[in-house]
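A.B. asks: After the structure tokens below, expect a handful of questions from me.
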Amino acid sequence: MTDMAKVLAGEIGSLAELSPSVGEALRLEVRAPHQKLSVKLLGYRDPFSIMVSAPRTTAGGALIHEGTRMTARLMSGNYLCTFETRLLHVQARPYPHWHLEYPARIDCRRVRKETRTPINLSVRVEPEEAGLGAGDQSCSAICRDISLHGACLEASRILAQPNEQVFVTVRVSVAGMDHLLLLPACIRNVQQQETGPIPVISHGVEFVELEEDARLILAGFVYEQQLMSSGLIQPN
């Protein structure tokens, strides 16, 4: 199987098959002393080393010595990749950079646009048919996961029946900026969770006819959540 065929099939096991671009961000997690460092990919040569920019020195950060083992996380294209490595050499000239051990194998996970990202957000849900004089028919719910195309909402009662439309209002933060989104959605399935003292009804919803601004903000939010869950960026 060619490298391109492996990429299309999602069967990537080496850095050469992934073929990341120069300038892509890596997150290095050092076990001892425990640190998380952000660097940029400068290049690589199989099977010798990976060259990355030297991380910025932070106040209180411990000195990293050659031979220190670490876990690297990289997002390239539509893949989140993790591999074990160690610091081979620190180079100061002509600019500060590191050489990391070239990994024999990497663990890659394809991030599909349909992949649900686990979250825990409070939302308001209003039936599409709610009109003037009908009173406040909105209901609080918890969004347990979300993607570019839908979400899982949990509530103490049925929000609507399958194939009925609702409006989901949610406040999200993208790059440190708060946004209030109104997302038209269609109920696709309704399920009663295990019986307990408080009923929990799970609703699978599909977003429909999103406005361009809402779609862009939602995409930024989902992408940022995926990066945080993979350890590539830290929560604000």
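The values are calculated or read from the model by the stated rules, or taken from the named source; none is laboratory data. Worth saying up front: this structure is predicted, and the values here are computed from it rather than measured. Counting neighbours? That spans all protein chains shown, and the Cβs are built from the backbone with ideal geometry, glycine included. Protein only, heavy atoms only, side chains kept; ligands, DNA and RNA dropped before computing areas. Shrake-Rupley method; radii C 1.70, N 1.55, O 1.52, S 1.80 Å.
A.B. asks: For the range 10-123, give me every one of the strands (runs of 3 or more DSSP E) that falls completely inside it and has 1 or more residues that are at pLDDT below 90 and either loosely packed, with under 14 Cβ neighbours inside 10 Å or under 21 Å from the mean Cα position of the chain (by Cα) (or both).
C.D. replies: 25-30, 35-45, 69-76, 79-91, 107-110
A.B. asks: Please list, ordered by first then second residue, the pairs with beta carbon atoms under 8 Å, 6 or more apart or interchain, first in the range 1-27 and of a type in the set (D, E), second assigned to a helix (DSSP H, G or I) and modelled with pLDDT of 50 or more.
C.D. replies: Between residues of the range 1-27 that are of a type in the set (D, E) and residues that are assigned to a helix (DSSP H, G or I) and modelled with pLDDT of 50 or more, the close pairs are D3/A16; D3/E17.
A.B. asks: Within the range 145-164, identify whether any single residue is open to solvent by less than 50 Å² (accessible area, probe 1.4 Å), among the hydroxyl-bearing types (S, T, Y) and either modelled with pLDDT of 90 or more or closer than 30 Å to F83 by Cα (or both), and answer yes or no.
C.D. replies: yes
A.B. asks: Go through the range 165-213 and count every residue that is in contact (Cβ under 8 Å) with a residue 60 or more places away in the chain and either open to solvent by 100 Å² or more (accessible area, probe 1.4 Å) or closer than 16 Å to V125 by Cβ (or both).
C.D. replies: 1
A quick yes/no check of all residues on (1) of a type in the set (S, T, N, Q); (2) assigned to a helix (DSSP H, G or I):
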site	(1), (2)
V168	no, no
R171	no, no
L180	no, no
L183	no, no
I187	no, no
H203	no, no
D213	no, yes
L218	no, yes
Q226	yes, yes
